[in-house]
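Working notes for the structure below.
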Amino acid sequence: MPARDYSKVSYWLETCSDSLEPRPALDGSATADVAIAGAGYTGLWTAYYLLRAQPGLRVVILERDIAGFGASGRNGAWCAPGLNISLGRLEQQHGHEAARATYEAVLAAVDEIGTVTAAEGIDVEWRRGGELEIARGPHETPAVEAEYRELERFGFGDHYQLLTADELTADHLRVAGATRALFTPDAAAVHPGKLVRGLARAVERRGATIYEQTEVTDFSPADRPVGRKPTLATPRGTVTADVVVLAAEAYLTRLPRLHRSLIPVWSLIVLTEPLPDEVWAEIGWARHELIGSPRYTVVYLSRTADGRLLFGGRGAPYRFGSPIRDEYDHHAPTHELLRNLAREWFPALRRHNVKFTHAWGGPLGMPRDWHPTISYEPGTGMATARGYTGHGVSTSNLAGRTLAELIVGAQTERTALPLVGHHSRNWEPEPLRWLGVRFTQAALGRVDRLAEQSGQPPRGRSLEEWLARH
């Protein structure tokens, strides 16, 4: 079979300035202190903090393709605070202080990524311009204002600023139809490919071994009474370790025992050519802020270091049975929708006939309750972190650091978080899963369209909105 050109997976891998030639594959069975499935952010951060805490550990990482092939090498460049599950939902499940501590921990992870990458000499094109959530129209304004009130209630009001449309234009950028915005300086734009590839090099320097082109097909927990350690099975051999870490996010659904623990939801991205100076002069955006929206059908924007405009979002349909296939990374109707949305947000793109040069996508892992999980069971030797639902750049750092602390037996403010030990219920079996997810995807799109047409905010009482929250 011809070698795969991994530079075609995303703009980030194309421009990461690192060789994408696969590392050697596993050749026969092996042993380790810790074996990790997945060479994305979660697996690599776990290895990094383990080796920083105990430099002599034998850490083995198994990767089906190459480091950064999954969401870590395809995302929207957001290194930001916050989670997909709201503070209010966390409060309902775990209490006020636990919810606040969780958001504080994700916020601290943003700083941690900046500190570690600088210390390790990883140039991730760090630009700490902050994050804007922008309402476009009166139907979106109440959601932005409500989010600010919730942040104030949890004591984060001093991290955020509610902006008028005029303040947004004067201090940040021009977005057609903007009516309100919420700004925090506590976020940074990064180059995801340089981050994941640089992190892989950093863990190798500390002694980890990364086997690529090595697919994990199954795992076995420890059976302490009979003296059996946990294992990772591959077509190329079995890795036996004291601890096994499952860190493959959406790709964990390929393992039969975890098939219903998550569903793969595709997030797609389009990217422009580098914009001429006159176009940036019309738009603004000099600080490279990350940009989001209160829409149910998620969109996210960033500006690259070389002057391109990235516009990403959901919308690609869920497939029956939760398959993950390369052809799903491109969905022409959704990619075209994103291009048109970018032109609506920024009419200068249309006036100046700006070209879109790249389009890609990939699956993210969504748990049934939208709640991330960080777990280690010493009795079975099994550990995992997953379920970031699109907020993985910062949360994966928190998860990897926390997993390392749990594995070495350290007690910290992170190991006490309610993410630790959380168990999300499984998704429904098919065909109920397909029916429910496809109905919700289509219905939430209708909710957004009706709100845009009527100028009235969603009421929050429809079946589809209830399903999205539950």
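Values quoted throughout were computed directly from the atomic coordinates according to the rules given, and no laboratory measurement underlies them. Only a predicted model underlies this, so the values are computations on that prediction, with no experimental measurement involved. Every residue, glycine as well, gets a Cβ built from its backbone with ideal geometry; the counts of neighbours run over all protein chains shown.
Mind pulling the angle between the C-alpha long axis of helix 392-408 and the longest principal axis of the chain? Nearest 10 degrees, somewhere in 0 to 90.
So the inclination is approximately 30 degrees.
Once you list every other residue whose beta carbon is under 15 Å from the beta carbon of G56, what net charge do they have if Lys and Arg are +1 and Asp and Glu are -1?
+2
In percent, how large is the relative contact order of the chain, given Cα pairs closer than 8 Å and 6 or more residues apart?
22 percent
Ordered by packing density, taken as the mean number of other Cβ atoms within 10 Å over each peptide's residues, highest first, how do 368-375, 424-431, 397-404, 98-105 rank?
397-404, 368-375, 98-105, 424-431
Using only Cα atoms and rounding to the nearest 10 degrees, what angle (0 to 90) does helix 41-53 make with the longest principal axis of the chain?
The answer is roughly 50 degrees.
Where a Cα-Cα gap under 20 Å defines reach, which aspartates and glutamates qualify for K355, not counting those fewer than 8 residues away within the same chain?
E14, E273, D277, E278, E282, D306, E336, E344
For the chain, just say rounded, prolate or oblate: build the C-alpha gyration tensor, square-root its eigenvalues into a ≥ b ≥ c, call rounded for a/c under 1.5, and beyond that prolate if a/b exceeds b/c, oblate if not.
prolate
Can you give the local net charge around I407? Use residues other than it whose beta-carbon is closer than 12 angstrom to its beta-carbon, Lys and Arg +1, Asp and Glu -1.
It works out to a net charge of -3.
Which of the peptides 311-320, 83-92 is most tightly packed, and how do the rest follow, judged by the mean count of other Cβ atoms within 10 Å per residue?
311-320, 83-92
Using the Cβ atoms and a cut-off under 12 Å, what net charge is assigned to the surroundings of P378, where Lys and Arg are +1 and Asp and Glu are -1?
After counting each charged neighbour, the total is -1.
Dipole of segment 321-470 (Lys/Arg Cβ +1, Asp/Glu Cβ -1, origin at the Cα centre): which of V408, A451, T380 lies farthest to the positive side?
A451
For the chain, with only Lys/Arg (+1) and Asp/Glu (-1) charged at the beta-carbon, what is the dipole magnitude about the Cα centre, in debye rounded to 20?
Roughly 1040 debye, rounded to the nearest 20.
Is it possible to state the helix-based mean residue ellipticity at 222 nm for the chain, with each DSSP H run of 4+ residues giving -39500 (n - 2.57), the sum divided by total residues, to the nearest 500 deg cm²/dmol? What is it?
Value at 222 nm, helices only, nearest 500: -10500 deg cm²/dmol.
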